[in-house]
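Notes to accompany the following structure.
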Amino acid sequence: MDKLKNIDVGSIKWKSIKDEGLDLEYCVPIPISTAKNIFMELENTLEYFTGDLAKIKVFGKVHPLPRQQVAFGDPGITYKYSGITVPALPWPAPVLALREFLLAIKGIKYDFVLVNKYRDGNDHMGEHRDNEPDLDPEYPIASISLGQERTFVLKHRDARKSGKDKRVMPTVKINLENGSVLMMNPPTNEFWYHSLPTRKKLLGARINLTFRKMKIK
Ligand SMILES: O=C(O)CCC(=O)C(=O)O
């Protein structure tokens with residue numbers, strides 16, 4: 001995707017979003033026409049996991065994933081989360097181009113990406129933290145969004161508690177636009193849960209790619 005190489009990295013306007021233990025950076029560097037092309041390329045190239053890899057374990061019970069998912073990465077990488085072990089398939093060209101784009105704008109060479117496709121507003125992702133032991137906690141997670149704009153919701157872990165440990169803390173909501181990049185910098189994933197709630201009225205599809213750096217084993 002040569003058009004990504006033409007984006008002037010120096011003119012990207014980053015917005016910083018901070019709170020206690022929360023450190024996010026957001027920008028919309030990919031023009032809509034390029035974002036649409038990448039979306040179509042991904043639609044034509046990617047095949048999503050089926051069978052057990054399209055299921056998730058919640059409180060010990062197995063459910064079908066409420067979205068489609070696939071993962072890519074450097075050879076030999078696997079990623080364990082929510083009771084499943086996801087193998088990293090070899091990088092397809094349009095996903096590799098996005099990894100190169102992140103290297104250009106942030107200087108980080110990611111080695112793994114989880115791709116989630118939300119077919120419409122019914123597809124969603126529940127509250128979780130990306131704090132699995134496989135991840136290198138020193139690196140930010142970089143989230144690229146394409147297609148239907150959706151709301152990303154973050155809640156502090158103490159705001160989810162009950163009783164005397166509960167703290168009243170505002171929820172942080174960010175509309176992730178088509179062509180946007182959200183950087184979740186450390187220590188965000190230690191303290192804040194995030195989710196992508198259903199939006200039943202939204203009919204458009206969205207593809208999100210969260211690029212991650214794994215611990216060297
Ligand atoms: O689709 C999104 O924006 C959220 C993705 C996410 O939370 C994840 O990949 O861990």
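FYI, it's all coordinate maths here, none of it is from the lab. Note that the structure is predicted; figures quoted are calculated from it, not measured. Here the Cβ positions follow ideal geometry from the backbone for every residue, glycine too, while neighbour counts run over all protein chains shown.
Candidate cross-link partners of Lys215 among the aspartates and glutamates, defined by an alpha-carbon separation under 13 Å and a same-chain spacing of 8 or more, comprise Asp74, Asp111, Glu132, Asp134, Asp136, Glu138. For the pair Lys166 and Thr50, the difference between a 0.36 nm per residue extended length and the Cα-Cα distance amounts to 37.9 nm.
Return the subset of Lys61/Lys166; Lys13/Lys117; Lys57/Lys80; Lys13/Lys109; Lys3/Lys36; Lys3/Lys117 for which the Cα-Cα distance in this structure is over 18 Å, preserving the input order. Result: Lys61/Lys166; Lys13/Lys117; Lys13/Lys109; Lys3/Lys117 exceed 18 Å. Compactness check for the chain: Cα Rg over 2.2 N^0.38 Å is 0.99.
Remark: segment 15-212 carries a charge dipole of roughly 900 debye about the Cα centre, counting +1 on each Lys and Arg Cβ and -1 on each Asp and Glu Cβ.
In this label model, Lys15 and Asp2 are separated by 3.3 nm, measuring between points 7 Å along each Cα→Cβ vector.
Sequence-distant contacts, meaning Cα pairs under 8 Å at least 6 residues apart, place the relative contact order of the chain at 27 percent. Positive-end ranking of Thr78, Pro64, Leu176 along the dipole of the chain, with charges on Cβ about the Cα centre, is headed by Pro64.
Length gained on full extension, Thr85 to Arg157: 23.4 nm, using 0.36 nm per residue less the C-alpha separation.
Counting neighbouring Cβ atoms within 10 Å and putting the fewest first, the residues His128, His194, His156 line up as His128, His156, His194.
Straight distance only, please: which lysines reach the Cα of Lys164 with their own Cα at less than 24 Å, same-chain residues fewer than 8 apart left out? By straight Cα distance, Lys164 reaches Lys155.
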